[in-house]
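The values are calculated or read from the model by the stated rules, or taken from the named source; none is laboratory data. Note that this is a predicted model, so its numbers are computed, not measured. Every residue, glycine as well, gets a Cβ built from its backbone with ideal geometry; the counts of neighbours run over all protein chains shown.
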Amino acid sequence: MDNSTKKLLEECSVGCKMGIESMEQVEHHVTDSGIAGVIEKYCSRHKELEAEVSKMLMRAGQPEKEPGVMVSTFSWMTTGVKMMTGEDENKQAVKILLNGCNMGIQSITEAMHQCKDASAESISLAKKLIRTEENLRDEIQKYL
């Protein structure tokens, strides 16, 4: 596996894992069944994409890349603080997910531009992840 493909797949893997982690963090605070349904739907989609990325990396003998411990810890702390602000927890969850979607779209798009020589299969998967993030963003923002 060439370096561009490896780097792009690693970014997709981390992006999926961070998305799953964020959704799992906020789902415990959500009381609105519509928001909960959107979270469940997209958490499942992110897990499916993560499995695809994992298979591609395993076929090439590459280990999966995990989100950094500091990034994960900061994410958990930030979510906890935001959920305690006194603002409606459903709206806070939506805002957290919207920010996560925008960061995910940006990081995967940047990785695609940096990894122009990546395999067509990895680019296709990155585009699928971006579309998933865009769809989540579009569905969840209705609850603001």
Next on the checklist: Taking the criterion of being assigned to a helix (DSSP H, G or I), among the polar types (S, T, N, Q) and either at pLDDT below 95 or under 29 Å from residue 124 (Cβ atoms) (or both), would at least one residue in segment 33-42 satisfy it?
Outcome noted: no
Going through segment 1-58 in order, the residues found to be among the basic types (Lys, Arg) and under 21 Å from residue 106 (Cβ atoms) are 6, 7, 17, 45
Picked from segment 53-110 (must be modelled with pLDDT under 70 and among the acidic types (Asp, Glu)), the residue nearest to the chain's Cα centre (by Cα) is 66
Pairing a residue in segment 38-58 that is surrounded by fewer than 19 Cβ atoms within 10 Å (Cβ to Cβ) with any residue that is not small (Gly, Ala, Ser) and not in a helix (DSSP H, G or I), where Cβ atoms lie under 8 Å and the two sit 6 or more apart in sequence or on different chains, gives 54/64
